[in-house]
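The values are calculated or read from the model by the stated rules, or taken from the named source; none is laboratory data. All values derive from a computational prediction rather than experimental measurement. When we count neighbours, we look across all protein chains shown, and the Cβ atoms used for this are built from the backbone with ideal geometry, even at glycine. We work out accessible area using only protein heavy atoms, side chains counted, and drop any ligands, DNA or RNA first. Shrake-Rupley method; radii C 1.70, N 1.55, O 1.52, S 1.80 Å.
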Amino acid sequence: MEYSELIKLLEETVRIPFYAILGKLKNNLIYLATSEGEISIYALIGGKNVKLTKSPIAISTRPKSSLDFIPFARDVEKGKEIHAIHIANLKGEEFQIESPRVRISSLTYDDKRIVFTGSSQNETSLYVIENGKLSKLTTIPPFSFVTDVNEKYIIGSGVLKGNPRSQEFFIADFSGNIEILTPKEGSVTNAYYLMGNKVYLISDYETPGESYWIYIYDIESKKYDRVEIPGFEFKAIEIYYDPEDLLIIAKKDGESRLFDNGKEINTPKGTISGATRIGDEIYFSHSSLVSPHKIYKVSRYGKIEVVVDNRKVDVGEVEYVKVKTDVEVPTWVIKRKIPGNTIIYIHGGPWSEVDNSWNLLIAPLVLAGYNVIAPNYRGSTGYGSKFMFMNIGDAGGGDLRDVVKVRDYAIETGITNKVGIMGYSYGGYMTLLAVGKEPDKWDFGIAGAAVADWVEMYDLSDSLFRGFMEILFNGKNIDLMKERSPITYVRNVKVPLCIIHSQNDTRTPLNPVMRYIQELQRTGKTYEFHVIPNLGHAIYKVSDAIDILLPALIFLKKLEEQ
């Protein structure tokens, strides 16, 4: 493939729109999309797709069905993730409202107010905007997220009691009083929906570490009740229930299914990225690793039709396997029809996953001719909280062993005889750590938005990301941070590296990576280093994705020509 063809392929691929249903406003479908090259909020009004926001957004929320507007946050400092809050309505009007200059990590609203969590350098706080007036209600633990509000209460969840292996929920009032609750100490519980005095929860407290179910907490009686759904028998690991629409999205082994009041809807194989009911019809967004997002409509008679279509692409074949280390590592293998070199793709997070959904960073690699193997190493979501918390206090330990074992699987099964590693964010960290701690296992490495030095990153971070690191390392464990930092092993690197980083990244700051580069230079290693100007950690636009992916694809092509 010539360079011009590679560039054309990349641009065409990243321009394939993403769709995710948020809900509805006044019986109009509301969804996120990148149809015009940037993440925006859209509405389906009278059969027409209407863009409600005027430039890229950073954070959205669940729309309130009875209202005609939705708030959102936008990055206002060139990728540094300092946010301002705006409101968009069904008329296509947009308004900015008063908000502090902080990193906003979550927001919700009702007809009178907007509530959000914001992190400064020193603290994370719960804020409310009412009648255009901003006030700070209270400080909260840094890894906390607000999810719903009504005229009396605010609810949210997070690591609230200091145990990094559990999550609790909170109920706050508008005087700043906050109560931290859990149905069982050590469980993982998330409050996500508020109806009067009833809080809807997703929790694993009856099946610790394994699977989740839906519960209701009554604020007045202080009792927990399990939500019974007649006819629903799918053994899900993760689950979401919409009490307004009576819709269930249930997930297991990296794929999800959609249920209408307990009865399964015959959706395509893959992942559901949002669903809502409008009148007698159900809308859902869906994709897979080999099929881009589409929005479907299900009639009252069960007929399914596409209402927002997408481009058809011939990506390749997908296989789901579980590779055994001392745990089972759920892994997706995406093979080209014409065999090629293989990339072990490491997802970020680490509390995230590669599931069977369209992936902006994987699809261009496969279409360019590479097999991609994506392990869900210990610490990934989607397989129960016990699996998710396995890398607490062990970042770069067992999860790295999982990645190396998947690399060995690729060699042993004959998928490839040449294999590299690539990732973004925590995946970039794992890439740099892997080529330093296991230098003989790889033929190349590509690291985007990587962590090079946890200790320096901690010193540079704000309240939210210091809190994140204290959870990941089970406290402010400086010795472990140093031992698990790629810069500690930079002298061991043997393979060519491509390192891509954004100038304004405040999650994984640039300065530690530049020190890592200086060590590569001083010790005579082979590398490329690309700094993307005026860009941060998050990808908001098609052009952002091109800036990050193009150096990687050109690096891979040059390796093939050597």
Among the residues of segment 182-202, the number that are free of Cβ contacts under 8 Å to residues at least 24 places away in the same chain and not in a loop (DSSP other than H, G, I, E, B) is 1
The correct count of residues that are farther than 22 Å from ILE532 by Cα and either under 24 Å from the mean Cα position of the chain (by Cα) or surrounded by fewer than 21 Cβ atoms within 10 Å (Cβ to Cβ) (or both) in segment 437-453 is 6
Among the residues of segment 33-60, the number that are outside any loop (DSSP other than H, G, I, E, B), aliphatic (A, V, I, L, M) and surrounded by 15 or more Cβ atoms within 10 Å (Cβ to Cβ) is 6
**Request:** Might you check whether a residue that is in contact (Cβ under 8 Å) with a residue 12 or more places away in the chain, open to solvent by 50 Å² or more (accessible area, probe 1.4 Å) and touching a strand residue (DSSP E or B) at 6+ places or on another chain (Cβ under 6 Å) occurs anywhere in segment 25-32?
**Result:** yes
Open item on the list: Scan segment 104-120 and tell me whether some residue there is in a strand (DSSP E or B) and surrounded by fewer than 20 Cβ atoms within 10 Å (Cβ to Cβ).
Closed with: yes
With the first residue restricted to segment 490-519 and required to be among the small types (Gly, Ala, Ser), and the second required to be assigned to a strand (DSSP E or B), Cβ contacts under 8 Å at 6 or more apart or on different chains are SER502/VAL531; SER502/ILE532
* To do: With respect to ILE70, determine if the residue is among the β-branched types (Val, Ile, Thr), at pLDDT 95 or above, open to solvent by less than 40 Å² (accessible area, probe 1.4 Å) and closer than 17 Å to ASN27 by Cβ.
  => yes
For segment 53-71, pairs from a residue that is under 20 Å from ASP242 (Cα atoms) and of a type outside the set (A, V, I, L, M, F, W, C) to a residue that is open to solvent by 40 Å² or more (accessible area, probe 1.4 Å) and outside any strand (DSSP E or B), with Cβ under 7 Å and 6 or more apart or across chains, are SER65/GLU244; ASP68/LYS26
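Condition check ((1) modelled with pLDDT of 95 or more; (2) in a strand (DSSP E or B)) across all residues:
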| position | (1), (2) |
| --- | --- |
| SER221 | yes, no |
| GLU233 | no, no |
| ALA236 | no, no |
| TYR241 | yes, yes |
| ALA250 | yes, yes |
| SER256 | yes, yes |
| ARG277 | yes, yes |
| ILE282 | yes, yes |
All conditions in (1) within 30 Å of ASN371 (Cα to Cα); (2) open to solvent by 60 Å² or more (accessible area, probe 1.4 Å) are true of HIS286 except (2)
Requiring at least 1 residues that are modelled with pLDDT under 95, the strands (runs of 3 or more DSSP E) wholly within segment 131-181 are 133-140
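Residue-wise test of (1) crowded, with 24+ Cβ neighbours inside 10 Å; (2) part of a strand (DSSP E or B).
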| position | (1), (2) |
| --- | --- |
| GLY302 | no, no |
| VAL321 | no, yes |
| PRO330 | no, yes |
| GLY349 | no, no |
| LEU365 | yes, no |
| GLY382 | no, no |
Is it true that some residue in segment 204-224 is closer than 25 Å to PHE387 by Cβ, surrounded by fewer than 19 Cβ atoms within 10 Å (Cβ to Cβ) and hydrophobic (A, V, I, L, M, F, W, C)? yes
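Determine if segment 155-169 includes at least one residue that is of a type in the set (A, V, I, L, M), in contact (Cβ under 8 Å) with a residue 40 or more places away in the chain and open to solvent by 10 Å² or more (accessible area, probe 1.4 Å).
Scanning segment 155-169, I find at least one residue that is of a type in the set (A, V, I, L, M), in contact (Cβ under 8 Å) with a residue 40 or more places away in the chain and open to solvent by 10 Å² or more (accessible area, probe 1.4 Å), so the answer is yes.
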Out of (1) touching a residue at least 24 places away in the same chain (Cβ under 8 Å); (2) out of contact with any helix residue (DSSP H, G or I) (no Cβ under 9 Å at 6 or more places or on another chain); (3) of a type in the set (S, T, N, Q), the one SER299 does not meet is (1)
Given (1) more than 18 Å from the chain's Cα centre (by Cα); (2) under 16 Å from MET430 (Cβ atoms); (3) polar (S, T, N, Q), THR416 misses just (2)
Counting only residues in segment 265-275 that are farther than 23 Å from ILE216 by Cα and part of a strand (DSSP E or B), the one farthest from the chain's Cα centre (by Cα) is identified as ILE265
Only one of (1) in contact with a strand residue (DSSP E or B) (Cβ under 7 Å, 6 or more places away or on another chain); (2) in contact (Cβ under 8 Å) with a residue 40 or more places away in the chain does not apply to HIS530, and that is (2)
Q.
Among the residues that make up segment 454-467, is at least one of them β-branched (Val, Ile, Thr) and surrounded by fewer than 20 Cβ atoms within 10 Å (Cβ to Cβ)?
A. yes
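Within the group ASP225, ASP245, which residue is out of contact with any helix residue (DSSP H, G or I) (no Cβ under 8 Å at 6 or more places or on another chain) and part of a strand (DSSP E or B)?
Only one candidate passes the filter, namely ASP225.
This table checks each residue for (1) closer than 21 Å to GLY445 by Cα; (2) touching a Leu at 6+ places or on another chain (Cβ under 6 Å); (3) aliphatic (A, V, I, L, M).
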{"position": "ILE346", "(1), (2), (3)": "yes, no, yes"}
{"position": "TYR370", "(1), (2), (3)": "yes, no, no"}
{"position": "TYR383", "(1), (2), (3)": "no, no, no"}
{"position": "LYS386", "(1), (2), (3)": "no, no, no"}
{"position": "GLY396", "(1), (2), (3)": "yes, yes, no"}
